[in-house]
Amino acid sequence: MSSAATQKRGFGAMLWDYLTTVDHKKIGILYLIGGGFFFLLGGLEAMIIRIQLLVPENDFISAGLYNEMITMHGTTMIFLAAMPLLLGLMNVIMPLQIGARDVAFPFLNSLGFWLFFLGGILLNCSWFLGGAPDAGWTSYAPLSVQSPGHGVDFYVMGLQLSGAGTLIGGINFLVTIVTMRAPGMTYMRMPLFTWTTFITSILILFAFPALTVGLFLLMFDRMMGAAFFDVALGGNAIIWQHLFWIFGHPEVYILILPAFGVFSEILPTFSKKRLFGYTAMVFATILIAFLGFMVWAHHMFTVGLGPVANAIFAIATMAIAIPTGIKIFNWLATMWGGSIRINSAMLWALAFVPTFTIGGMTGVMLASTVADYQYHDTYFVVAHFHYVIVGGVVFGILAALHYWWPKIFGRILNEAMGKIAFWLFFIGFHLTFFVQHFLGLMGMPRRYWVFLEGQGLDTGNLVSSIGAFLMGIGGLIFLINIIYSSVKGEKASADPWDGRTLEWATASPPVHYNFKQLPLVRGLDPLWIEKMEGKGKITPAEPLDEIHMPNGSILPLIMTIGFFIASFGFIYQTDHKAWLIAIYVGMAIALGAMLTRSLKDDHGYHISKEELEREAE
Amino acid sequence: MSHDHSLNPETMPQEPEKATHEGKNKFLGLWFFLGGETVLFASLFGTYLALRNSTADGPSSQDLFGLELVFIMTILLLTSSLTSVYAMYHMKNNDFAKMQLWLGVTALLGVGFLAFEIYEFAHYITDYGFTFRSSAFGSAFYTLVGFHGGHVAFGLSWIIVLMARNAKRGLNLYNAPKFYSFSLYWHFIDVVWVFIFTVVYLMGMVS
């Protein structure tokens, strides 16, 4: 095995390998590490928020710092934790599921990761350079334009970088799924996780450019004296809200659809049944994505767009409940009569169904325009989106990590610790957020630094904070589980869960070229078909022949460092024109790296047939 | 190595840009990218439409725009799109010299367009005091038209680098998709200009 050779190399060689890698599995692991790191940061920020709200009129942190905390918690969790963790899972699993050896653009895949990671680092540099952004994760103008200091500038440049990375990743996945499916893998034979990756990528492609433009406008206003949001010069602050939510609403489906895909893999596997209503699941996914683009103004019901606009957006929003309902019933029907095995991955999936349904119900409540005037900007909204994003996305990520950990890292996560972490996190989650519905209905506004004593908000906030601690402990136990399992965990076989899809037909972890011979796909759940027909092994679609692989490259990292330097230039040139040098130097590095990439031919390399024959299974 | 991608009339496939797996990926990836670019420009157009009358007592579109200049720019850019079609025609016939020639013409027309645009901006700034900062209309105008101009400039650097890099080695299956991707991108830039011509200049003259 080649892994023996891998272990002998020094730390420096391994570091260089990861800095230059274009292997989708390694890039996926980098995404998981990066996303995990930012998840911890975001979690820490959440704990600080809940400590501040533990008792009435608390002064654990100052009002200004509190604003920075809520802004960074939201921004970090959405852009730097949830999305990268999902992109990491997609990166590792999707090519395996469609029987491909890599993604369509391995170089761009690496560039996408580095842009995300350095964008996140840039954003967090603000903590040490005069204060983090404090205009909320939605960064509404004119507050975001007026916000003093450089905090919001870091928000703009950090999100611009990481957003570009996400867009690149989305295009890459789209092309991969269209052109690189194994022989016989028709669209309607693709596993649901691949389907949701595909649809999510379409959402990324059409949603992120709106954010790009919004961020450019904010950047021009803050750093170059433009007047987009400056009412005195004819500007209009509502433009930001439109652009932000034209991106922002599809964004929540970018987050939740892959999680839906994860559950659609886990529930059939551990129920020993094929997914109920596969076709309906695919079309429900497409329908959610489609409707997801026409509901953005439901975030703006109280702006004053008028009754007609509000009514249209309200109805479109409620319509999303239908495809989502289809999915919920299909998951239930998948389990119905199955031979259910409950382990950590399955626990997260089971907990997801009722939790997400509650979040969906409050979503329909919020979609009602008239009622929304009451809920708007209260803790009811906070409770709602944590039910769908934690109860849907985070549960989905944790389920996926338990499920695919053996495939990605070759070891099985400890079950006992997995279950303890689950119960603490699950109970803690409902303690934290269920009560927030009622705090909101009682009138507690979101984003407020303190609340007053004797208004009936004390107990609810105390309960909520206690729940947050339980979630924190649950998260820590999951972290300990990762460390413990990577040292002492049980070695995983190729197919530890008796799986149904192609990724379980590769070794755990897979060899760097994934498949020695591309697999022949004969139907939905290809591995299961072969198992049922007694072979248990995938039929190859081609004779053993040499394999073409891409070369690694340091250029994506250099390119990103260039943009990183230029970002500092853009941020600080308002203070002193000497910072323009940083822009020129940074852009020269980035464009120079692009030029190098363009001028230098890169044909990749071939693994010879003899070499493949030598490598025993 | 037996992986020689160079072409001769016998091995010439019908569509050299899509003959290799990498070529097919590039072709499709660029189409998707243009889909994202469409949303980018749509957002900029939306912003412009919302702000085009917000002149803050500064010059308005009627004061500024002159159709003669914009007409010349439109002709230059539309013609450059046509010449890039000629270049792709010669690529498919494996006539590298003629492809380079027409790409060169395309680049020249692009440079001409860009020069006129720079002249236009300079004219507005010096003669009318109409700048990026003078009103929300100014910000929206320079951002929308400037983003387009930036795309033209990027496309020009792209094609010049491609032409220079491949000048001596001719056409092969490795670089054919690159030339083809450029031509697709160039058409897109052209289409965006048609909308700018209509929405910014024509509508700005009549309203």
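The values are calculated or read from the model by the stated rules, or taken from the named source; none is laboratory data. All values derive from a computational prediction rather than experimental measurement. Because the Cβ atoms are built from the backbone with ideal geometry, glycine has one as well, and the counts that use them run over all protein chains shown. Surface areas here come from the heavy atoms of the whole protein model, side chains and all, with no ligands, DNA or RNA. Shrake-Rupley method; radii C 1.70, N 1.55, O 1.52, S 1.80 Å.
Odds and ends about this structure:
- When A:Thr560 is tested against (1) in the same structural domain as A:Gly131 (by TED's automatic domain parsing); (2) in a helix (DSSP H, G or I); (3) not aromatic (Phe, Trp, Tyr), exactly one condition is not met: (1).
- Tallying residues that are assigned to a helix (DSSP H, G or I), within 14 Å of chain A (Cβ to nearest Cβ) and farther than 19 Å from B:Trp193 by Cβ within the range B:126-152 yields 4.
- Residues that are in contact with an Asp or Glu (Cβ under 7 Å, 6 or more places away or on another chain) and assigned by TED's automatic domain parsing to the domain that holds A:His150 do occur in the range A:83-93, at least one of them.
- Subset of the range A:225-234 [at the interface with chain B (Cβ under 7 Å from one of its Cβ atoms) and hydrophobic (A, V, I, L, M, F, W, C)]: A:Ala226, A:Ala227, A:Phe228, A:Leu233
- Subset of the range B:30-52 (residues that are open to solvent by less than 20 Å² (accessible area, probe 1.4 Å) and more than 8 Å from every other protein chain (Cβ to nearest Cβ)): B:Leu34, B:Phe41, B:Tyr48
- Residue within the range B:56-73 that is polar (S, T, N, Q), over 30 Å from A:Leu211 (Cα atoms) and surrounded by 19 or more Cβ atoms within 10 Å (Cβ to Cβ) present: no
- Selection within the range A:229-241 - under 13 Å from B:Ala56 (Cβ atoms), crowded, with 22+ Cβ neighbours inside 10 Å and touching a residue at least 40 places away in the same chain (Cβ under 8 Å): A:Asp230
- Positions within the range A:164-177 being under 12 Å from A:Val103 (Cβ atoms) and among the hydrophobic types (A, V, I, L, M, F, W, C), in sequence order: A:Ile168, A:Ile171, A:Phe173, A:Leu174, A:Val175, A:Ile177
- Taking the range A:581-617 as the range and being more than 13 Å from every other protein chain (Cβ to nearest Cβ), open to solvent by 50 Å² or more (accessible area, probe 1.4 Å), part of a helix (DSSP H, G or I) and of a type in the set (A, V, I, L, M) as the test, the residues that pass are A:Ile581, A:Val585, A:Ala588, A:Ile589.
- Selected residue (criterion: nearest to A:Cys125 (Cα to Cα)) from residues of the range A:567-602 that are among the hydroxyl-bearing types (Ser, Thr, Tyr) and touching a residue at least 12 places away in the same chain (Cβ under 8 Å): A:Ser567
- For A:Leu544: the one exception among (1) of a type in the set (A, V, I, L, M); (2) farther than 29 Å from A:Tyr403 by Cβ; (3) open to solvent by 70 Å² or more (accessible area, probe 1.4 Å): (3)
- Residue match in the range A:181-191 (condition: farther than 30 Å from B:Gly23 by Cβ and assigned by TED's automatic domain parsing to the domain that holds A:Pro250): no
- Among the residues listed as A:Glu490, A:Glu453, the single one being farther than 19 Å from A:Thr378 by Cα and open to solvent by 50 Å² or more (accessible area, probe 1.4 Å): A:Glu490
- All of A:Val353, A:Val381, A:Val370, A:Val394 fail the test of being at pLDDT below 95 and either surrounded by fewer than 24 Cβ atoms within 10 Å (Cβ to Cβ) or in the same structural domain as A:Pro510 (by TED's automatic domain parsing) (or both), apart from A:Val370.
- Selection status of A:Leu32, in contact (Cβ under 8 Å) with a residue 12 or more places away in the chain and either buried (at least 24 other Cβ atoms within 10 Å of the Cβ) or hydrophobic (A, V, I, L, M, F, W, C) (or both): yes
- Among the residues of the range A:112-130, those identified as open to solvent by less than 10 Å² (accessible area, probe 1.4 Å) and more than 18 Å from the chain's Cα centre (by Cα) are A:Leu122, A:Ser126.
- Residue in the range A:100-111 that is closer than 29 Å to A:Ser201 by Cα, assigned to a loop (DSSP other than H, G, I, E, B), open to solvent by 20 Å² or more (accessible area, probe 1.4 Å) and touching a Phe, Trp or Tyr at 6+ places or on another chain (Cβ under 8 Å) present: yes
To keep it simple, each residue is scored yes or no on (1) of a type in the set (D, E, K, R); (2) open to solvent by 10 Å² or more (accessible area, probe 1.4 Å); (3) not assigned by TED's automatic domain parsing to the domain that holds A:Tyr379.
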position: A:Gly467; (1), (2), (3): no, no, no
position: A:Ser485; (1), (2), (3): no, no, no
position: A:Asp498; (1), (2), (3): yes, yes, no
position: A:Thr501; (1), (2), (3): no, no, no
position: A:Thr506; (1), (2), (3): no, no, no
position: A:His512; (1), (2), (3): no, yes, no
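- Within the range A:135-144, the set of residues being closer than 12 Å to A:Phe229 by Cα and open to solvent by less than 40 Å² (accessible area, probe 1.4 Å) comprises A:Ala141, A:Ser144.
- Assessment of the range A:255-265 against the conditions (farther than 20 Å from A:Ala333 by Cα, within 14 Å of chain B (Cβ to nearest Cβ), in contact (Cβ under 8 Å) with a residue 60 or more places away in the chain and buried (at least 21 other Cβ atoms within 10 Å of the Cβ)) yields no matching residue.
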